[in-house]
2 protein chains.
Amino acid sequence: MARVIVDVSLKPEILDPQGRAVQGALGRLGLAGVTDVRQGKQFVIEIDGTVDRAKLEELAGNLLSNPVIENYSITIEQA
Amino acid sequence: MARVIVDVSLKPEILDPQGRAVQGALGRLGLAGVTDVRQGKQFVIEIDGTVDRAKLEELAGNLLSNPVIENYSITIEQA
């Protein structure tokens with residue numbers, strides 16, 4: 001049993017208007033010193049048995065993220 | 001300078017149709033053994049100076065997440 005966490009974020013050179021809106025709101029609501037906010041997606045995947053790492057990389061890079069504008073990172077926690 | 005990561009996920013008792021769709025797709029595309037997928041949001045917040053932890057908790061619980069259906073977790077990385 002393993003828990004795989006795939007974090008998907010916009011590439012640094014891609015504008016993130018959602019993150020910019022959150023940055024403005026955090027400042028207005030009193031959180032001091034915020035210089036940047038980026039919003040991404042997170043997939044928490046429970047896998048029974050061994051994790052097919054190569055397949056996982058392929059699907060994280062093509063199904064879970066858009067390789068044109070997004071990066072992904074994979075964290076595997078064995079339970 | 002600190003990097004604050006706020007992960008927002010649906011509460012376990014809330015149905016996650018997006019996650020369910022991803023679970024189906026991962027299986028069909030050849031990733032074996034997937035028993036559950038949950039999709040969440042991730043905010044990466046860069047803060048200059050000290051982090052106002054109380055304010056951060058307040059905003060993570062009310063602005064960044066919907067307390068009726070979502071949980072959040074906060075990770076602070078000092079740079």
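Using Cβ point charges alone (K and R +1, D and E -1), the dipole size of chain A about the Cα centre works out to roughly 340 debye. Taking all Cα pairs closer than 8 Å and separated by 6 or more residues, the relative contact order of chain A comes to 55 percent.
Simple rule: put +1 on each Lys or Arg Cβ and -1 on each Asp or Glu Cβ in the protein assembly as shown, find the dipole, and look at B:V4, B:T75, A:A60; the Cα lying farthest toward the positive end is A:A60.
Dipole magnitude for the protein assembly as shown: computed about the Cα centre from +1 point charges on Lys and Arg Cβ and -1 point charges on Asp and Glu Cβ, it is near 260 debye. Compared with the dominant principal axis of the Cα atoms in chain B, helix B:53-62 is inclined by about 40°.
Projected over all directions and averaged, the alpha-carbon convex hull of the protein assembly as shown occupies 9.8 nm². The B-A contact accounts for approximately 2700 Å² of buried accessible area, totalled over both chains at a 1.4 Å probe radius. For chain A, the longest principal axis of the C-alpha atoms and the axis of helix A:17-28 are separated by about 50°. Largest to smallest in accessible area, the residues A:L15, A:L26 fall in the order A:L15, A:L26 (1.4 Å probe, all protein chains included). All other residues whose Cβ lies under 13 angstrom from that of B:L59 are scored, Lys and Arg at +1 and Asp and Glu at -1, for a net of 0. Label zone of B:D52 (point 7 Å out along Cα→Cβ, amide N under 16 Å): in segment A:5-26 this covers A:23-26.
Counting only heavy atoms of protein chains, what accessible area per residue, in Å², does chain A have with a probe of 1.4 Å?
Value for chain A: 53 Å² per residue.
Neighbours of A:V4, meaning other residues whose beta-carbon lies under 15 angstrom from its beta-carbon, give a summed charge of -4 when Lys and Arg score +1 and Asp and Glu score -1. Going by accessible surface with a 1.4 Å probe and the largest first, A:E77, A:E70, A:E13 read A:E13, A:E77, A:E70. Shown for chain A: the carbon plus sulfur share of the solvent-accessible area, taken with all protein chains present and a 1.4 angstrom probe, equals 54%. Normalised by 2.2 N^0.38 Å, where N is the number of residues, the C-alpha radius of gyration of chain B stands at 1.36.
The values are calculated or read from the model by the stated rules, or taken from the named source; none is laboratory data. Just so you know, these numbers come straight off a predicted model, no measurement behind them. So basically every Cβ, Gly included, is an ideal-geometry build from the backbone, and we count neighbours across all protein chains shown. The accessibility values were calculated without ligands, DNA or RNA, using every heavy atom of the protein model including side chains. Shrake-Rupley method; radii C 1.70, N 1.55, O 1.52, S 1.80 Å.
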